[in-house]
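The structure appears below as structure tokens.
The values are calculated or read from the model by the stated rules, or taken from the named source; none is laboratory data. Model, not experiment: these values are computed from the prediction. When we count neighbours, we look across all protein chains shown, and the Cβ atoms used for this are built from the backbone with ideal geometry, even at glycine. Remember, those area values only see protein heavy atoms, side chains included, never the ligands or the DNA or RNA. Shrake-Rupley method; radii C 1.70, N 1.55, O 1.52, S 1.80 Å.
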Amino acid sequence: MRRVIIEPRSDWQARVERVGLTYHTLENGTPYWDESAYWEFRSSEIDRLEAATAEVQRLALAAGDIILNQDRLAQMGIPAEAAPAIRAAWNSEPPALYGRLDLAYDGTTIKLLEYNADTPTGLVEAAVAQWYWLEECYKDADQFNSLHEKLIAKWKDLKDYIPSGVYFADGGSEEDRMTVSYLQDTAQQGGLKTRHIAMHEIGWDAKRLRFVDLNNRVMETLFKLYPWEWLLNEPFAQQALSTLPPQAALQEYGPRKDRRQWGSMLWIEPIWKMMWSNKALLAILWELNPGHDLLLPAYLDGPHELTSYVRKPIFGREGAGIAVVRDGVAVEGVLTGENEQGYVYQALAPMATANGKTAVFGSWLVDGEPAGMGVRESTGLVTNNTSCFVPHLFR
Amino acid sequence: MTACRSQRRDCVDPQGRLLPDSTCSAGTYGSHYIYGGSSGGHVGDTVIGGSVSRGGFGGTGGGHGGAGGE
């Protein structure tokens, strides 16, 4: 694989805006969508990344069973009040839409950095913007990208379960709003009725014991781009849990499917995703699969034998609170300060670097299947909300 | 919570049963206000006829406008 420097399209801003990528420029004026370069792969390399994604998903599924069987949710910092609902949701298998593995790949080894299983973003750029870029600039090449088709197919599968339609909610940032808008569009293309609502607009009807929209209509299905660990720290936490099994059974049914086990409101992503979006998963995966070639040594109670490692807060987001230690010395971020929920200590991975950039490969899954990739580049080792998105292709 | 402040306000648990006002003031897990309802006035009474309460989600990540995706 290689990083190829190119001349951006003269009107790239207008072109990516037309396909929904309105947040293409960072607050400091530099591009977030950076088409001054692309990453080129051989098809065999893409095959490896795809296979690695499927294998990590298999490991994560096995880990989910063990986390619950061994009662390890508390170790992951997950509140005890949520445990019955997580267990019931895991067993009743409500729909799970998507997720993104962040992988390190240097052309030789592939390593899991983390799993963004609950509220992954970077979707508009991965599914749409880079696809149109490929079509306009490199029509003879291909791209690891079946996101759009797979999302629509998944919604079509769910159509019978969700006759009343899906509410799409977000916290209000521009990126989240556009991501939700795109997902809403895929649901509509899948034949579902959809509506948007802001998280703060969701109401609780204490008489009907149901969540309602601004017109006080009962919400039966909610896609929320809003992390479960946030929801469970907010005033409606108990109400949210009361709509989930085992506390609530669904009061209305789809025409052909029985979803009684899914609760009185169907939440997408399901609450069991708290187990996978939690960075403690990395240590549990390593404990269960020591030496696995797709995993990095990772621990919850300190760095153990590691002298070069990354310390990540279990509930950290967008690179916040991460410290990089090399040969015992912090070279990025700081090691001082404590975090209530704790940290995971993960070995440093061999990363792809070129032109002073370090790349992380976000490998998408839809309905548990590999579905595409997006590349984020940083000047340091930590991917954060200022890391650029760079398109890719393969030949 | 957002509602008309001139209305009657009751602190309730997730099932709509009356709680001491101090429970909501303290932000106790799951407690919230509903507006415009009525009850017998005793802790544990079900508050009926109350309005829907809102604003119980969306306050994390910097409040409205916060990014929940990553």
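Structure summary
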quantity	calculated
Sequence of A:LYS159, A:LYS279, A:LYS111 when ordered by accessible area, the most exposed leading, probe 1.4 angstrom	A:LYS159, A:LYS111, A:LYS279
Potential extension, A:LYS156-A:LYS193 segment - 0.36 nm per residue separation minus Cα distance	12.2 nm
Under the Karplus curve 6.51 cos²θ - 1.76 cosθ + 1.60, θ = phi - 60°, whole-Hz ³J(HN,Hα) for region A:342-347, x wherever Gly or Pro sits	x, 10, 10, 10, 10, 4
Protein-protein interface of region A:202-233, residues with accessible area decrease of at least 40 Å², isolated chain reference, 1.4 Å probe	A:TRP204, A:ALA206, A:LYS207, A:TRP230
Charge sum, other residues only, whose C-beta stays under 15 Å from A:PRO290's C-beta, Lys/Arg counted +1 and Asp/Glu -1	-2
Value of [θ]222 nm, deg cm²/dmol, for chain A, DSSP H segments ≥ 4, -39500 (n - 2.57) each, nearest 500	-7500 deg cm²/dmol
Dipole magnitude of the protein assembly as shown, debye to nearest 20 (Cβ charges: Lys/Arg +1, Asp/Glu -1, about Cα centre)	1140
DSSP beta bridges in chain A [antiparallel fraction, %, rounded to 5]	75
Count of lysine pairs in chain A with Cα separation under 12 Å (8 or more residues apart, or interchain)	4
Per-bin percent of Cα-Cα distances, region B:8-52 [5 Å]	6, 29, 37, 22, 5
Interface B:A - total buried accessible surface [probe 1.4 Å, Å², rounded to 100]	3000
Dipole of the protein assembly as shown [Lys/Arg +1, Asp/Glu -1 at C-beta], most positive-end residue of A:GLY172, A:LEU147, A:VAL334	A:GLY172
Furthest towards positive pole of dipole, A:VAL324, A:ASN116, A:LEU49, structure part the protein assembly as shown, Cβ charges	A:ASN116
With all protein chains modelled, accessible area of A:GLU318 [1.4 Å, Å²]	50
Number of partner chain Cβ atoms within 10 Å, mean per residue of A:234-245	5
Global size of chain A as Cα Rg and Dmax, reported in angstrom	20.8, 61
Chain A - percent of accessible surface contributed by carbon and sulfur, probe 1.4 Å	48
Mean accessible surface per residue for the protein assembly as shown, computed with a 1.4 Å probe while every protein chain stays in place, in Å²	40
Interchain or long-range residues, amide H under 5 Å from A:LYS357's placed H	none
A:TRP267 accessible area, assembled protein chains, probe 1.4 Å, Å²	10
Estimated vicinal HN-Hα couplings, Hz - region A:382-389 in sequence order (Karplus 6.51, -1.76, 1.60; Gly, Pro = x)	9, 7, 9, 6, 10, 6, 7, 9
